[in-house]
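Heads up: the structure comes next, in structure tokens.
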Amino acid sequence: MDPKIKNIKAILFDLDGTLRHHIPSGGAVFVEYLKSINIHASEEDRTRAERWEHFYFAHSLEIQADIKTFTHHSREFWINYSRRRLVALGVDPKRAQELAPEVSAHMGTNYKPDVYVPEEAPRLLAGLKQAGYILGVVSNREEPYHEELKTLKLDSYFKFSLAGGEVPSFKPEPRIFQRGLELAEVAAHEAIYVGDNYFADIIGAHRAGLMPVLYDPTSLFPEADCAVIRSLDELHGLLI
């Protein structure tokens, strides 16, 4: 076994897509609406678009440019996002430009997902805390989210929670991870980072010197060059 795993003192987690999920997913509702207007996406198309979504929200140059062009989370921002996602699904760029306002409006009106925490998450976190690991949450959120962790009944497990906007630095930039290490009071080689976004979480953790663990229940990133778990329960196996 990798010797770094034996000397871990802290385990830091991503929030959205790892500990906190939406059901149904935005991608699924997006594709279902396209089907209703007779635009059909193949499995390959859906996988490509989902990977693109992870890339886009990994503080990509594209989203940085879009935030400068449009007010973040404004109607115009989401229309442009819909255009980009349509292209990622294989829709002709001109047609995507035409469809984007309609699709974005549908999502804004009809996408009201439930928020859920995987049932194994509290069990895992309780076991890790009892075992003496320092636990933290490091997210690309713009604002602090401690009250949301309370609502999710997860706050008691963590020493701290950190939003990228507080640093300010966003994954995959090293600085946000370095700030997380400062709050955990451990060195990089003493920490694991667990997240679902290869482009933000794994690349970023690598850059900052933490051991990355990819949470990838649907095998979205088969090429991942790190430890991979399909469920949160599997994290225990890396720590034996």
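Take L214 and tell me if it is open to solvent by less than 20 Å² (accessible area, probe 1.4 Å) and touching a residue at least 24 places away in the same chain (Cβ under 8 Å).
no
Do we find that I176 is in contact (Cβ under 8 Å) with a residue 24 or more places away in the chain, open to solvent by less than 20 Å² (accessible area, probe 1.4 Å) and under 13 Å from the mean Cα position of the chain (by Cα) in this structure?
Considered against the rule, which asks whether it is in contact (Cβ under 8 Å) with a residue 24 or more places away in the chain, open to solvent by less than 20 Å² (accessible area, probe 1.4 Å) and under 13 Å from the mean Cα position of the chain (by Cα), I176 comes out as no.
With the requirement that a residue be in a helix (DSSP H, G or I) and surrounded by fewer than 16 Cβ atoms within 10 Å (Cβ to Cβ), what does region 34-47 give you?
K35, S36, E43, E44, T47
Tell me the residue from D196, D225 that is charged (D, E, K, R), touching a strand residue (DSSP E or B) at 6+ places or on another chain (Cβ under 6 Å) and within 20 Å of F55 (Cα to Cα), please.
Being charged (D, E, K, R), touching a strand residue (DSSP E or B) at 6+ places or on another chain (Cβ under 6 Å) and within 20 Å of F55 (Cα to Cα) holds for just one of D196, D225, which is D196.
Scan (1) closer than 29 Å to P217 by Cβ; (2) without any contact (Cβ under 8 Å) to a residue 40 or more places away in the chain for the single condition A41 breaks and write down its number.
(2)
Looking at A163, A105, A100, A131, can you tell me which residue is among the small types (G, A, S), closer than 30 Å to G90 by Cα and out of contact with any helix residue (DSSP H, G or I) (no Cβ under 7 Å at 6 or more places or on another chain)?
Result: A105 is the single residue among A163, A105, A100, A131 that is among the small types (G, A, S), closer than 30 Å to G90 by Cα and out of contact with any helix residue (DSSP H, G or I) (no Cβ under 7 Å at 6 or more places or on another chain).
If E50 satisfies every condition in (1) open to solvent by 50 Å² or more (accessible area, probe 1.4 Å); (2) in a loop (DSSP other than H, G, I, E, B) but one, which is the exception?
Only one criterion in (1) open to solvent by 50 Å² or more (accessible area, probe 1.4 Å); (2) in a loop (DSSP other than H, G, I, E, B) is unmet by E50, namely (2).
Scan region 224-239 residue by residue and report those that are open to solvent by 40 Å² or more (accessible area, probe 1.4 Å) and in a loop (DSSP other than H, G, I, E, B).
Correct list: D225, R230.
Only residues that are open to solvent by 50 Å² or more (accessible area, probe 1.4 Å) and in a helix (DSSP H, G or I): list them for region 92-107, please.
Result: P93, K94, R95, Q97, E98, P101, E102, A105.
Go through region 71-86 and give me each residue that's modelled with pLDDT of 95 or more and either open to solvent by less than 70 Å² (accessible area, probe 1.4 Å) or within 18 Å of G164 (Cβ to Cβ) (or both).
Of everything in region 71-86, those that are modelled with pLDDT of 95 or more and either open to solvent by less than 70 Å² (accessible area, probe 1.4 Å) or within 18 Å of G164 (Cβ to Cβ) (or both) turn out to be F77, I79, N80, Y81, S82, R83, R84, R85, L86.
Name the residues in region 108-118 that are open to solvent by 30 Å² or more (accessible area, probe 1.4 Å) and either touching a residue at least 40 places away in the same chain (Cβ under 8 Å) or among the β-branched types (V, I, T) (or both), would you?
Residues satisfying the conditions are T109, N110, Y111, P113, D114, V115, Y116, V117.
Pick out the one residue from S169, S139, S156 that is small (G, A, S), exposed (fewer than 15 other Cβ atoms within 10 Å of the Cβ) and at pLDDT 95 or above.
S156
If F221 satisfies every condition in (1) within 23 Å of A163 (Cβ to Cβ); (2) of a type in the set (F, W, Y); (3) in a loop (DSSP other than H, G, I, E, B) but one, which is the exception?
Unmet condition: (1).
Does region 63-76 include one or more residues that are among the polar types (S, T, N, Q), closer than 19 Å to S25 by Cα and more than 17 Å from the chain's Cα centre (by Cα)?
Within region 63-76 (the criterion being among the polar types (S, T, N, Q), closer than 19 Å to S25 by Cα and more than 17 Å from the chain's Cα centre (by Cα)), the answer is no, since none of the residues qualifies.
Report yes if some residue within region 127-135 is over 29 Å from I176 (Cβ atoms), in a loop (DSSP other than H, G, I, E, B) and either of a type in the set (G, A, S) or under 19 Å from the mean Cα position of the chain (by Cα) (or both); otherwise report no.
no
I need the full set of residues from region 70-91 which are under 18 Å from E32 (Cα atoms) and not in a helix (DSSP H, G or I), in order please.
Answer for region 70-91, where residues must be under 18 Å from E32 (Cα atoms) and not in a helix (DSSP H, G or I): L89, G90, V91.
The values are calculated or read from the model by the stated rules, or taken from the named source; none is laboratory data. Quick caveat: nothing in here was measured; it's all calculated off a predicted structure. As a convention, Cβ positions derive from the backbone with ideal geometry for all residues, glycine included, and neighbour counts pool all protein chains shown. In case anyone asks, the SASA skips ligands and DNA or RNA and just uses the protein heavy atoms, side chains included. Shrake-Rupley method; radii C 1.70, N 1.55, O 1.52, S 1.80 Å.
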